[in-house]
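Just below is one structure, and these are the notes that go with it.
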Amino acid sequence: MELFVSNFSLKTSEKDLTRLFSEYGYCRVRLLVSLLKLINKYQGAYGFVRFENEENAARALRKLNGERFQGRRLRVEWSHESKKELVIRKHKS
């Protein structure tokens with residue numbers, strides 16, 4: 001399952017986020033910074049954190065959404081891909 005993470009500093013590294021999110025289980029982090037955000041001097045970046053299972057991802061989402069990290073409040077939510085997976089699972093049950 002994958003989480004979408006935003007509103008962290010441009011100085012935050014993949015290693016920083018991996019350290020933070022790995023407290024909730026094994027994960028892989030991908031950071032992205034759009035050129036538009038850099039041009040507009042937007043002081044945030046975004047990325048994706050993929051967990052091996054839904055329970056670990058859900059725990060990380062509950063605990064870290066809105067938490068301060070390196071001076072900014074993180075926004076953590078399900079990625080669009082994971083939202084689709086959750087809807088499909090719900091309808092199959």
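Here, each number is a calculation from the coordinates, and none is a lab measurement. Just so it is clear, the model here is predicted, and its values are computed rather than measured. Positions of Cβ are backbone-derived with ideal geometry, glycine not excepted, and every protein chain shown enters the neighbour counts.
List the aspartates and glutamates whose Cα sits under 16 Å from the Cα of Lys63, skipping any in the same chain fewer than 8 residues away.
Within reach: Glu2, Glu23, Glu54, Glu55, Glu77.
Where in the stretch 62-81 does the label zone of Tyr46 land, with the point 7 angstrom along Cα→C-beta and an amide N cut-off under 17 Å?
65-66, 73-81
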